[in-house]
Amino acid sequence: MPYCSNYLQMQKIKTIKQLKAEKQQLAQRRSELEKAIKYDWRDVKESLRPGNVAGQVFSTLTGKNEKQEADSLIAGAVSKIAARVTKKLEGNLQTKVSRWFKK
C-alpha cells in the first residue's frame with residue numbers, strides 16, 4: 001500500500017499541482033477499495049448460496065474439505081481407469097503369449 005506512507009506523514013500541499021496529484025491518488029485509491037469491496041461482497045454472496053452452505057456443513061461433518069473430496073474422487077476415477085486398462089492389456093498379453101507358445 002503505497003498510500004499509507006502519505007497519510008502517516010501528512011505532507012503539506014504547497015501548489016495546485018501537488019493538490020491535483022493528491023486528489024488523483026485519492027480517487028485511484030478509492031477506486032481500488034471499491035473494487036476490493038465488490039469482490040469481497042461477491043465472495044460472501046457466493047459462500048452463502050444454499051448449495052455451498054450445504055457443502056460446507058457436509059465437509060465439516062465428514063472432516064474433509066471440498067478439495068480433498070475432489071482429489072479423492074479424481075484419484076478413484078483414475079485408479080479405476082488404470083485397473084481396466086491394465087486388465088485389458090493383461091488379457092491381450094496372455095492371448096499373444098499363448099499364441100506364441102502354440103507355434
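The values are calculated or read from the model by the stated rules, or taken from the named source; none is laboratory data. Everything numeric in this text was worked out from a predicted model, so none of it was measured.
Data table
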item: Flag if Thr86 is modelled with pLDDT of 80 or more and not hydrophobic (A, V, I, L, M, F, W, C); result: yes
item: Selection within region 21-45 - closer than 22 Å to Gln11 by Cα and basic (Lys, Arg); result: Lys23, Arg29, Arg30
item: Check on Ile37, at pLDDT 65 or above and in a helix (DSSP H, G or I); result: yes
